[in-house]
Amino acid sequence: MQHSKIFSGIDIGTTKVTTIVGQYFETEGRLNVIAVASIPSAGFRKGQIINLDLATQTITQSLESAERMAGFEINSATVSIAASHIESINSHGVVAISSPNGEISHDDVNRVLEAAKAVPLPTGKEIIHCLPRRYTVDGQDGVIDPIGMNGVRLELESHLILASTPALKNLTKCFDEIGLKINHLVYSGLATGYAALTDTEKELGVALIDIGGSVTTVTI
């Protein structure tokens, strides 16, 4: 019997709210899309909620339409957003290696990620992504994956993606009323990059432009 997992995603757009359900077969590394539903948006403007009741109705209609197509109830989903309140900043984190033998572990990487998040944020903003750009181990720059390396000092140059806290609370309130759990909140420009770009394109450097109904995102 094939082992599979069900994944659900909801994209909050200005012109439509789209729900997609996929079935991932672990042994084959294959993902099948089993349901897609797009409902014209009401209650949103430029990716932000302007009418809580209408926004909740739109999300509910999209969700129920996908559930009918899939044939089962959806209890949780990854939610992607794109709005004018999203911005980004660079940050820097430094930690000392905790292991007595100096070998860098997952715990050290997690600690330096948290250190990179400990920066002053603009009022009313919160971090939704902390993206590692490059690590430095004892002055050795350009390290991609430091786990297993030896050193005394681990540094991280990262990129933080920020979103408006009130806007996120309003969105969360919609999903709470529906009774749907948000597994992850994702910036849609980043999600599109993972879906559309190859490893070579990302390594060489590329600008990804996603043209939406009223919001255009540029991710480099």
Q: State all residues of segment 138-158 that are in a loop (DSSP other than H, G, I, E, B), without any contact (Cβ under 8 Å) to a residue 24 or more places away in the chain and surrounded by fewer than 13 Cβ atoms within 10 Å (Cβ to Cβ); if no residue qualifies, say none.
A: 139, 144, 145
Q.
Could you check segment 123-135 and list, in sequence order, the residues that are of a type outside the set (Asp, Glu) and either at pLDDT 95 or above or closer than 22 Å to residue 220 by Cα (or both)?
A. 125, 127, 128, 129, 130, 131, 132, 133, 134, 135
(Q) Could you check segment 177-187 and list, in sequence order, the residues that are assigned to a helix (DSSP H, G or I) and closer than 13 Å to residue 75 by Cβ? (A) 178
Q: Could you list all residues from segment 24-57 that are touching a helix residue (DSSP H, G or I) at 6+ places or on another chain (Cβ under 9 Å) and either part of a strand (DSSP E or B) or at positive phi (or both)?
A: 34, 35, 36, 37, 38, 39, 40, 43, 44, 47, 48, 49
Q) Quick one: residue 135 ticks every box in (1) out of contact with any helix residue (DSSP H, G or I) (no Cβ under 7 Å at 6 or more places or on another chain); (2) surrounded by fewer than 17 Cβ atoms within 10 Å (Cβ to Cβ) bar one, so which box is it? A) (2)
(Q) Suppose we filter segment 186-220 for residues that are polar (S, T, N, Q) and closer than 14 Å to residue 80 by Cβ; how many remain? (A) 4
Q: Say whether the condition of being outside the structural domain of residue 141 (by TED's automatic domain parsing) and in a strand (DSSP E or B) is met by at least one residue in segment 63-70.
A: no
Q. Among the residues of segment 193-220 satisfying the criterion of being surrounded by 10 or more Cβ atoms within 10 Å (Cβ to Cβ) and among the polar types (S, T, N, Q), which is farthest from residue 12 (Cα to Cα)?
A. 219
Q: Would you mind finding the one in 116, 77 that is closer than 25 Å to residue 189 by Cα and part of a strand (DSSP E or B)?
A: 77
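The values are calculated or read from the model by the stated rules, or taken from the named source; none is laboratory data. As the structure is a prediction and not an experimental result, all values here were calculated from the model. Using ideal geometry, Cβ is built from the backbone for each residue, glycine included, and neighbour counts are taken over all protein chains shown.
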